[in-house]
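Structure record follows, encoded as structure tokens.
The values are calculated or read from the model by the stated rules, or taken from the named source; none is laboratory data. Only a predicted model underlies this, so the values are computations on that prediction, with no experimental measurement involved. Counting neighbours? That spans all protein chains shown, and the Cβs are built from the backbone with ideal geometry, glycine included.
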Amino acid sequence: MPSSSPRPKIAYHRPSIDTREAALATSALATAGGFGPYLLQVEAELRRRTGAAGVLGMSSATHGLESILWALGIGPGDEVIVPAYGFPSTAACVLRQRGRIIFADCLPDDPQIDPASVAARMTARTKAVIVIHYGGLPADLDRLLAATTSRGIALVEDAAHSIDASFRGRALGTFGRAGVLSFHASKNLSCGEGGALLSNDLDLLRRVDQFRHMGTDRGAMLRGEASSYTWRSEGTSFLPSELAMAVLVAQLERGERVRARRVQVFARYSEALRGLPGLVLPTVPPGASHNGHIFHVVLPSGAMREKLQGHLANLGIEATRHYQSLDRTPMGSTLDAGGKGENPHAEALAERLLRLPIHAELSDSEVDFVCDSVRRFFR
Ligand SMILES: Cc1ncc(COP(=O)(O)O)c(C=O)c1O
């Protein structure tokens, strides 16, 4: 007999949060300070995990990107190449510095930035290239580093998706001049809103530390490196709260379990969905150790994407689209035409990419139900 109760919804994302987060947050409330032991613990743990020479906790990855472009001295007229298939923060940080956004296209049926498109859009005014490691999988770092370093252009890594993901044993976010991680609620590890900035450039880190501290060297004083502080540069307040950092300490403790389970889910999808006609699955480049942040599929057409999303929704499965091509957004369309170029692959993905549910709390039977539902759609 058919059951009358609705099938339980399989959410696209569910954070893994337990009593440890609550306990540490309660202890942080006792001090409720801005800069404190939990921030220092997060920074030390991220240095250990990523191997970066320095890590600065930030109030968000967006604020990390803004800080990097400020510290790199990007100014009016400087061109910064960013992914057309990307998140608004990755481009908006350029406008904060009054720089000029130049979009680069992604690869065909693949959300990673196309190094050939990046190279084709470089000019004498290009000062930086920001890349996204989509889904915790590495962009083509060999070609991007070769194209940027030979011309003295800063490579900035938007590794917002990439906590605990690496390429040839080195953490994503540590290959370029600087990188950012995000701990927003939608990410593998979350403290609601939060981020971190990674760099091996100690001078850049010192400038950002001042920038996030209202332009002062108060950070040096709080770390015991100076006896007082003063106003030294432009600045703002991009420090994360101790409350958020306490939650993040607990999240980092469970990070390996979260990563391992998400990678299992990713592998289960890859295995079960292989060979469906016209369906393109994500590829894991050789040398990549990823974190299962996203499992996306690319449909042959936008109409099929709509139908598959609707079919899954009817079965209680939440599958979600992702980025728009940023040059086609209301804000992107106000930018000068020269910066936009043609980004046909990004436009195609905006129409045809769909993300399947992925998180550490998904059971094998739920993943199998999603796979069976996708396969049934193709029959
Ligand atoms: C690629 C990318 N960059 C930046 C961000 C912004 O991160 P945050 O919310 O920590 O500012 C996101 C958030 O989803 C993202 O996906």
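Restricting the range 93-105 to residues that are closer than 24 Å to D203 by Cα and under 20 Å from the mean Cα position of the chain (by Cα), the residue that is surrounded by the most Cβ atoms within 10 Å (Cβ to Cβ) is C93. Each residue in the range 106-125 was checked for being surrounded by fewer than 21 Cβ atoms within 10 Å (Cβ to Cβ), in contact with an Asp or Glu (Cβ under 7 Å, 6 or more places away or on another chain) and either of a type outside the set (D, E, K, R) or under 23 Å from H161 (Cβ atoms) (or both), and 2 pass. Go through (1) closer than 16 Å to L204 by Cα; (2) within 14 Å of the ligand (Cβ to nearest atom) for A52 and report which single condition fails. Looking at each condition in turn, A52 falls short on (2). With respect to (1) in contact with a Leu (Cβ under 6 Å, 6 or more places away or on another chain); (2) of a type outside the set (K, R); (3) within 16 Å of the ligand (Cβ to nearest atom); (4) not in a loop (DSSP other than H, G, I, E, B), the lone exception for L252 is condition (1).
Among the residues of the range 310-331, those that are within 23 Å of D372 (Cβ to Cβ) and either β-branched (V, I, T) or assigned to a helix (DSSP H, G or I) (or both) comprise G310, H311, L312, A313, N314, I317, T320. Among the candidates S67, S166, the residue that is closer than 25 Å to V247 by Cβ, touching a residue at least 40 places away in the same chain (Cβ under 8 Å), surrounded by fewer than 24 Cβ atoms within 10 Å (Cβ to Cβ) and in contact with a strand residue (DSSP E or B) (Cβ under 7 Å, 6 or more places away or on another chain) is uniquely S166.
Applying the selection to the range 176-207, what residues are away from the ligand (no atom under 16 Å from the Cβ) and in contact (Cβ under 8 Å) with a residue 24 or more places away in the chain?
Matches in the range 176-207: R177, S199, N200, D201, L202, L204, L205, R207.
Among the residues making up the range 329-354, a single one is under 15 Å from Q309 (Cα atoms) and surrounded by fewer than 19 Cβ atoms within 10 Å (Cβ to Cβ): E351.
When the range 208-238 is limited to residues that are crowded, with 21+ Cβ neighbours inside 10 Å and basic (K, R), the one that is nearest to the ligand (Cβ to nearest atom) turns out to be R212.
Among the residues of the range 285-304, those identified as surrounded by fewer than 20 Cβ atoms within 10 Å (Cβ to Cβ), closer than 27 Å to A159 by Cα and either at pLDDT below 95 or not aliphatic (A, V, I, L, M) (or both) are P285, P286, G287, S289.
Residue selection: A319 fails the criterion of being surrounded by 15 or more Cβ atoms within 10 Å (Cβ to Cβ) and in contact with a Cys (Cβ under 8 Å, 6 or more places away or on another chain). Considering every residue within the range 18-30, establish whether at least one is within 16 Å of the ligand (Cβ to nearest atom), over 14 Å from C191 (Cβ atoms) and modelled with pLDDT of 95 or more. Checked the range 18-30: no residue is within 16 Å of the ligand (Cβ to nearest atom), over 14 Å from C191 (Cβ atoms) and modelled with pLDDT of 95 or more.
Of the candidates A61, A84, the single residue that is farther than 23 Å from S333 by Cβ and crowded, with 24+ Cβ neighbours inside 10 Å is A61.
On the given criteria, is I101 more than 13 Å from the ligand (Cβ to nearest atom), assigned by TED's automatic domain parsing to the domain that holds L239, among the β-branched types (V, I, T) and touching a Lys or Arg at 6+ places or on another chain (Cβ under 7 Å)? So I101 does not fit the description; no.
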